[in-house]
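Colleague: Below: one structure in C-alpha cells.
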Amino acid sequence: MDGIEGASNPTMEEMQANGTGGVDELPLTSTSTRKNRPIVSGEPLDIEAYAGLYTGRTKIKRLMFIANHCDNPGMQLEALRMAYDEIKKGENTHLYREVVQKIDGRLGPNYAMDAAWCSTIERKAELRKEKLESELNAYRTNLIKESIRMGYNDFGDFYYAHGALGDAFKSYVRTRDYCTTSKHIIQMCLNAILVSIEMVQFSNVTSYVSKAEQTPEALDPPTVAKLCCAAGLAHLEAKKYKLAARKFLEVGPELGNSYSEVIAPQDVATYGGLCALASFDRTELKNKVIDNINFRDFLELVPEVRELINDFYSSHYASCLEYLGNLKSNLMLDIHLYDHVETLYDQIRNKALIQYTLPFVSVDMRMMADAFKTSVVGLEKELEALITDNQIQARIDSHNKILYARHADQRNATFQRVLQTGNEFDQEVRAMLLRSSLLKYDYNLRASRKH
Amino acid sequence: MNSVEGLVNQIQGLSTTASDVLSLQNLLKQADDSLHAESTRLLPFLDQLDPSKHSLGYLYFLEACTAGPVTKEQAGSYVLMIARFITSCIAEQIRLAPDKFITVCKRFKDQVLLLEEPLRGVAPMLTAIRKLQSSSEHLTALHPEFLLLCLLSRCYKAGLSILEEDVFEVDQPRDLFLFCYYGGMISIGKKWFRKALELLHNVVTAPMSTVNAIAVEAFKKYILVSLIHHGQSPTNLPKYASSVAQRNLKNLCQPYIELANSYSNGKIADIETYVEANKDKFESDNNLGLVKQAVSSMYKRNIQRLTQTYLTLSLQDIANRVQLNSPKEAEMHVLQMIKDGEIYATINQKDGMVRFLEDPEQYKTCEMIEHIDSSIQRLMTLSKKLNGVDELMSCDPLYLLKAGRERQRFDFDDFDNVPQRFNI
C-alpha cells in the first residue's frame, strides 16, 4: 500500500496544477479571442458574417442548411432572407421556389412568390439553351476541338446556374475528350469536383482530385490548395479523419478566399484542427499542427480552435472541453461537419481521457472527474468502456475510486501465448491428419470400385 | 453332421502354428455357408473348442450361432459366452477375420442393450478394441460401439481413456463420425469442453459428399459448446470444411444460430425469453440441458470481463452489471468461479466488496517447465508424423495421377519438374 500512496501523491499535485492552470488561463484567452472572431463562437452564429465567407451556390445551400437545422426562428428567418436575396441574383428557379415555400410569407410581401421573375428567368433560360445548342452543333460540324470544349463548358455553366447538377456534371465531363492542354484538364477536374461536392458525391471528388494531380505539368499553388481542400472534404465524408486531417494540414496559404464557392479558410482550420485532434497522437499533433507554420495562419482565423488545440496539447483538458462545448452548437450548423461532430467529439474526449491517465501509476477518479467536468460514476463508465476496448491499460478500484495503471507482464503473456499457439497447432495438425485419412479412404474406395 | 465334426477336428489340429492357422482360415471360409445353414445345432460343439487356443475356429462358430434372432433368455447366456471369448481369445488369430469379430462384437452390444445392462458390455468391448486394433492410432468399427455403451451406462471415465489417444487411421468414415460425436457427448458429460469442441469440430469439418444426420446433430452441439467454452459462436466454418457442410449446416440448425446471435448481444433477458420460446425444439433435440449451460455461462463470461477492468467492485455493482437479481446471487456466482479456478479474487463480506487479483501463475515452477517440455516433445513427434504423411502422399500413385493431370491442364511451363502422368 505504501508504494501506491507514494505514487499517487505527485499525481494529485499534478492534477491540481492542471485544474488551476486551466482556470487561470481561461479568462485571458477568451477575452483576447472574442474580438477578432468572425464566425464560430459561444454566442449564436453571426449569419451575415458567416455567409460573407462564401459565394455562389454553396452560400445558398449553407444558409438553407442553417434554416433547416436551427431551432431559433429568428436565425431561421434571417438565413432564409439572405438565401432569398442571394438566389434573386442568380437564375436558379428551383431553389427559389424551395426557399419561398420555406419562408411561407413570414417575411412580408417583399419575400413572397415572384411568379413573374420566375417565368422571365425560365423563358430566358429556354432561349439561352437553344442558342447554346445551335452553337454547339455548329462547332461540332466544324470539328474545332477548342470550340466544342468551350461549348460544352458553357453548357455546364448554364446547367449549374440553373441547378441541374446532374446535367452540369455530364457536360463538364464531356469536355474531357476535347481538352488539349493540361490547363484544360485541370479546369475540367475543378468543375467536376465543384459539381460533385454540391451533389454530395464524394467518390467522384476523390477520383477527379487524383486525375488533376496526375497532370504532367506542375500545378500552381492555389490549385494545389483547392485540390487539397476537396480531397480533405472527401476523406471527411468517408469518415477517414486521419487522412482528412493530413489533407487539410497540407493546404497552402495561397488558398486565401479563392475557393469561396466551396470552402472558407476558416473551415480549413476548423475541419483540419478537429480531425487532427481526434486522430493524431501527441507527437504528430505537435509536429504537424502546432509547429506547422502554414496551418498556423489558418488557425489564426479561428482562434478558438487554436486555443483548444494548444490546451489539449498542454493537458488543460477542462478548458479544451469547454471550448469544444461552446463550439458545438455552431458546428452542428455546418453543412459538411454536422454529421461528424458527435464522432469527432467522442474521439477527442476519449483521447483526452487516455492521455490524462497515461503518465500516472494511479489516478484519483474524483480529481479526474473534476478535470473533465463530469461525475465519478459517469467517468467510471467511460473508463470502463475504454479499458474494455483495450485503449487504456488500467484497472479501476471501484471501492476507493482510484484508477491503477496495469503494466502488462510481457513474460507471462508470452508464455501464455506460446502455450496457446502450441495447443492450437496440435489440434490443427491432428484434425488435418484425420481429414487426410478420410480423403484417402474415399480415394481407395473409388479406386477399388473402378477395378 | 460329419462335416461339422470334421471341421472341429481340423480346428483342434490346425490352431498352433501361424502357417496352420492360415490354412485353417481358408478351410473355414469355405465352410462358412454350411455353418450358417446348420447354425441351430452348433452350440454343443462350442464346448469342444477352447477359445484361448482355437480362437479363429471359435469365432466362426460363434458368429454362425448368434446369426439368428435372439430372445432375452438366450441373450443372457450368449453375453456371458461372448464376453468370455473376448477376454480369452488370441489377438493374432482373430485379426485374420476382423469382419467376423466385429459382427460378433456388434451382436454382443445389441444383446447387452436388449438386456438393458449396458454396463456389462463396457469392459469386454474395451478389451475387444485393444485386441482388434493394430496400433492405438487405428480407429476400429468397435470404437463408436464402445463409446455408446459408455454413454448409456454413464460410465464416462472409461470412455475418456479411449478419447485421450490420437486417432489417425480410419476404416469407415461413418465410424469416425459416430466416434467423434459420442466422444463429444462424453467430454461434455465430463465438462471437458475443449476436447468436446475438438471432436465435434472434426465431425463438422470432415469431408462429406452429402449432409448426414450425425454432422447436423454434431453442429448443434458444436455451437452450444463453443458458446460455453469460448463465449462466442463459431463465426464461420473454416475453408477446409466441405462445401456441403458450409452450404447446408447453418440452414438446418436455425434455432441454434439465432441463439448464438442473441448470445453475442449480451442481454440475458433476451436470451432467456428466446430459450423459453423455443424450449420444445431444444428439448426434442435433447439439448435443453446444454442450452441452459450456455445461458448460465453468460454470467461467467460477464464476470470474467469485469476482472479485466476492475480491481475492486462491490457485489451490488457486479449484480447490476451482470444483470443478476441480488448481491447474494452475485456472491454465489463469484464464489463458484473462484472455486473452479475461472477467476482469481477474494470476497470481503464485511464491505460487500470483491477484490480481483491477477493470475498467480508465474511460469517459474518445475511442473510448468515440465508441462512445456512435454508439449514441445509432443509437437515434435506430431510434426514428424506430418512430414511422414506428406512424403507418403507425394509417393502415392493415385495422388500423383490426379496431380499430374491437373498440372498438365493448368501449368504448361513447369511440367518438367513433375512428370505429367505416373503409370505404376
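Colleague: Taking 0.36 nm per residue of sequence separation and subtracting the Cα-Cα distance, how much length would be gained by fully extending the chain between B:LEU335 and B:ASP373, in nm to one decimal?
Modeller: 10.3 nm
Colleague: Relative to the longest principal axis of chain A, what angle (0 to 90°, nearest 10) does the C-alpha long axis of helix A:2-35 take?
Modeller: 20 degrees
Colleague: Expressed as a whole number of Å, what is the distance separating the alpha-carbon centroids of segment B:1-68 and segment A:362-425?
Modeller: So the two Cα centres are separated by 76 Å.
Colleague: Put +1 on the Cβ of each Lys and Arg and -1 on the Cβ of each Asp and Glu in the protein assembly as shown; which of A:SER437, B:SER326, A:ILE335 then has its Cα farthest toward the positive end of the dipole?
Modeller: A:SER437
Colleague: Let me ask you something else. Which listed residue (A:THR388, A:ALA371, A:CYS118) has the Cα farthest towards the positive end of the charge dipole for chain A, taking +1 on Lys and Arg C-beta and -1 on Asp and Glu C-beta about the Cα centre?
Modeller: Positive-most Cα among the choices belongs to A:CYS118.
Colleague: If you rank A:HIS336, A:HIS184 by fewest surrounding Cβ atoms within 10 Å, what's the result?
Modeller: Working: A:HIS336 22, A:HIS184 19.
Least to most surrounded, the residues fall as A:HIS184, A:HIS336.
Colleague: Right, here's the next one. For B:ASN348, list long-range residues whose amide hydrogen, built 1.01 Å from N in the peptide plane, is under 5 Å from its own amide hydrogen.
Modeller: So B:ASN348 has HN proximity to B:MET353, B:VAL354, B:ARG355.
Colleague: For the protein assembly as shown, give the magnitude of the charge dipole about the Cα centre (Cβ charges: +1 Lys/Arg, -1 Asp/Glu; no others), in debye to the nearest 20. Intermediate values should be presented prior to the final figure.
Modeller: Numbers: 100 positive and 112 negative charges, 344 e Å.
It works out to roughly 1660 debye.
Colleague: Averaging sequence separations of C-alpha pairs under 8 Å and six or more residues apart, then dividing by the length of chain A, give the relative contact order as a whole percent. Could you put the intermediate results ahead of the total?
Modeller: Numbers: 482 pairs, mean separation 66.2, N = 451.
Relative contact order comes out at 15 percent.
Colleague: Give me the net charge of A:GLY232's neighbourhood, meaning all other residues with Cβ under 12 Å from the Cβ of A:GLY232; Lys, Arg count +1, Asp, Glu -1.
Modeller: Result for the neighbourhood of A:GLY232: +2.
Colleague: Work out from phi, with θ = phi - 60° and the Karplus expression 6.51 cos²θ - 1.76 cosθ + 1.60, the ³J(HN,Hα) of each residue of segment B:308-315, listed in order in whole Hz, and give x for Gly and Pro.
Modeller: Couplings: 6, 9, 10, 9, 9, 7, 6, 4 Hz.
Colleague: Continuing with this model, one more query. Which loop GluC sites (Glu not before Pro) in segment A:153-217, with loop taken from DSSP, have no more than 10 other Cβ atoms within 10 angstrom of their Cβ?
Modeller: Details: sites: A:GLU198, A:GLU213, A:GLU217; in loops: A:GLU217.
Sparse-neighbourhood loop GluC sites (Glu not before Pro): A:GLU217.
Colleague: Any chance you could check the Cα centroid distance between segment B:265-298 and segment A:298-355 for me, in angstrom?
Modeller: Here the answer is 47 Å between Cα centres.
Colleague: In whole angstrom, how far apart do the alpha carbon centroids of segment B:120-195 and segment A:78-114 sit?
Modeller: Centre-to-centre (Cα) distance: 84 Å.
Colleague: Then there is this: With only Lys, Arg, Asp and Glu charged, each at its Cβ (+1 for the first two, -1 for the last two), find how big the charge dipole of segment A:115-257 is about the Cα centre; round to the nearest 20 debye. Walk me through the numbers on the way to the answer.
Modeller: Values: 19 positive and 17 negative charges, 67 e Å.
It works out to roughly 320 debye.
Colleague: If you don't mind, there's one more thing I want to ask. Taking chain A as the reference, fit the longest principal axis to its C-alpha atoms, fit the long axis of helix A:341-357 to the helix C-alpha atoms, and give the angle between the two in degrees, 0 to 90, nearest 10.
Modeller: 30 degrees
Colleague: If you take every residue apart from B:ASP32 with its C-beta less than 10 Å away from the C-beta of B:ASP32, what net charge results, scoring Lys and Arg +1 and Asp and Glu -1? Provide the component values of the computation, followed by the final result.
Modeller: Working: positive: B:LYS29, B:LYS100; negative: B:ASP33, B:GLU63.
Taking every Cβ under 10 Å from that of B:ASP32, the sum is 0.
Colleague: Under a straight-distance cross-link criterion of Cα-Cα below 18 Å, which aspartates and glutamates are reachable from A:LYS145, leaving out those fewer than 8 residues away in the same chain?
Modeller: Cα-Cα hits under 18 Å: A:GLU133, A:GLU135, A:ASP154, A:ASP177.
Colleague: Let me ask something additional. For A:ILE402, list long-range residues whose amide hydrogen, built 1.01 Å from N in the peptide plane, is under 5 Å from its own amide hydrogen.
Modeller: Amide H neighbours of A:ILE402: A:MET365, A:ASP397.
Colleague: Also, quick follow-up: Karplus couplings for segment A:332-340 from phi (6.51 cos²θ - 1.76 cosθ + 1.60, θ = phi - 60°), rounded to Hz, Gly and Pro as x?
Modeller: Each residue's phi maps through the Karplus curve to give 5, 8, 8, 4, 8, 8, 4, 5, 10 Hz.
Colleague: Given the options A:VAL173, A:VAL200, A:THR141, identify the residue whose Cα lies farthest towards the positive end of the charge dipole of segment A:138-251 (+1 on Cβ of Lys, Arg; -1 on Cβ of Asp, Glu).
Modeller: A:VAL200
Colleague: Within the set of other residues whose C-beta is less than 12 Å from the C-beta of B:LYS157, count the net charge using Lys and Arg as +1 and Asp and Glu as -1. Don't jump to the answer; show the numbers that get you there.
Modeller: Numbers: positive: B:ARG154, B:LYS190; negative: B:GLU164.
Net of charged neighbours comes to +1.
Colleague: Whole-Hz ³J(HN,Hα) for each residue in segment A:204-218, computed from phi via Karplus 6.51 cos²θ - 1.76 cosθ + 1.60 with θ = phi - 60°, x for glycine and proline: what do you get?
Modeller: Using θ = phi - 60°, the values come out as 4, 4, 4, 5, 6, 5, 5, 4, 5, 6, 7, 4, x, 6, 5 Hz.
Colleague: Which value, in debye to the nearest 20, describes the size of the charge dipole of chain A about its Cα centre when Lys and Arg Cβ atoms bear +1, Asp and Glu Cβ atoms bear -1, and nothing else is charged?
Modeller: 1980 debye
Colleague: How far, in nm, would the chain grow between B:LEU386 and B:LYS267 when pulled straight, counting 0.36 nm per residue and subtracting the alpha carbon separation?
Modeller: On the way: separation 119, 0.36 × 119 = 42.84 nm, distance 4.42 nm.
Gain on extension, B:LEU386 to B:LYS267, equals 38.4 nm.
Quick note: the coordinates plus some simple rules give every number you see, no bench work behind them. Since we're looking at a predicted model, the values are computed, not measured. Note: ideal-geometry Cβ built from the backbone for every residue, glycine included; neighbour counts use all protein chains shown.
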